[in-house]
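K.L.:
I'd like to ask you about the structure that follows.
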């Protein structure tokens, strides 16, 4: 069975140091995609760079927690504070989103505003995912799919990380958390299937978020399974709280170094996976499955 590999940088637009790292890693060849925060402080710089990087596929990184809202605070008072920021109390907010129709209407307006902002960039929409994987919440996933129909969502990330990777740190909590998410991931996949929205088969980067260094990438690439795999990282030319207060422990610069590593790039090449953004790999997989063209012919 053919292997397909997507390597994505999240939080594109969060900080100029993130944008610079995305550009470096894209030009070096390891990074194939980036997920754009359309309301983030450096979004305009990210969009400019993306237009100059024809090999980089760009998707929408919907932010509904721990980040800036697109709409003015007075329009979404139950979603963002007076400064236009959304907090990171995801469990409490998840209950509020489910229970209160008025808050759901504000959420829908904010999600639509972020889709519309991406459409105005002039970039081709490669995929959609949600900051901190908040679309595992069934209410948010339903909104994402319904609103996304109007913007031609081509693919959605599923945060399905293999247990061996989630538990490799030796932490029972990390591995157990992955097991507890299994029913929600199954529900997500079923909803995406019913909506005819393509998605990845698995994802690497959750358990090692902020610590996807060279050795971690090499371990993943050594065991890269068949099917569509996405590896996501948070590269930047600086690290930790310089990028965001909530990322004080993140080793952004080490993640960039991993993407630029000759060993990592050699391992990617040796793995023989078809590479690109979501649109690229889904198109290639469909072509191979139909028997109409080989992967080489589809590039």
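Each reported figure results from applying straightforward, stated rules to the coordinates on display, with no laboratory input. This one's a predicted model, so the numbers in the text were calculated from it and none came from an experiment. We place every Cβ from the backbone using ideal geometry, glycine too, and count neighbours over all the protein chains shown.
K.L.:
If you bin the C-alpha pair distances of segment 119-254 every 10 Å from 0, what whole percents do you get?
P.N.:
Going from the shortest bin to the longest, the percentages are 11, 36, 37, 16, 1.
K.L.:
Next question. With each run of n ≥ 4 DSSP H residues scored as -39500 (n - 2.57), what mean residue ellipticity at 222 nm is computed for the chain after dividing by its residue count and rounding to the nearest 500 deg cm²/dmol? Working shown, then result.
P.N.:
Working: 12 runs with 135 residues, N = 299.
Only helices count here, giving -14000 deg cm²/dmol.
K.L.:
Which of the peptides 228-241, 66-79 is most tightly packed, and how do the rest follow, judged by the mean count of other Cβ atoms within 10 Å per residue?
P.N.:
So the order, starting with the most tightly packed, is 228-241, 66-79.
K.L.:
Ok, one more. State, as an integer percentage, the relative contact order of segment 98-250 based on alpha-carbon contacts under 8 Å between residues 6 or more apart.
P.N.:
Once normalised by length, the contact order is 19 percent.
K.L.:
Pulled fully out, how much extra length does the chain show between residue 223 and residue 52, if you take 0.36 nm times their separation in residues and subtract their Cα-Cα distance?
P.N.:
Going from the current span to full extension adds 58.2 nm.
K.L.:
I need 12, 163 ordered by Cβ neighbour count within 10 Å, fewest first.
P.N.:
163, 12
K.L.:
Give me the Kirkwood hydrodynamic radius of segment 3-298 in Å, from all C-alpha pairs, to one decimal place?
P.N.:
Averaging 1/r across every pair of different Cα atoms and inverting gives 19.3 Å.
K.L.:
While we're on this one: Over all directions, average the projected area of the Cα convex hull of segment 1-140 and note it in nm².
P.N.:
Across all orientations, segment 1-140 yields a mean hull projection of 9.3 nm².
K.L.:
Between residue 74 and residue 27, what's the calculated FRET efficiency when r is the beta-carbon distance and R0 is 51 Å? Round to 0.05.
P.N.:
Efficiency at R0 = 51 Å is approximately 0.75.
K.L.:
In degrees from 0 to 90, rounded to the nearest 10, what is the angle of the helix 172-194 Cα long axis to the longest principal axis of the chain?
P.N.:
Taking the Cα atoms of the chain, the angle to 172-194 is about 80 degrees.
K.L.:
Given 10 Å bins starting at zero, what is the percent of C-alpha pairs of segment 61-183 in each, up to the one with the largest pair distance?
P.N.:
12, 40, 31, 15, 2
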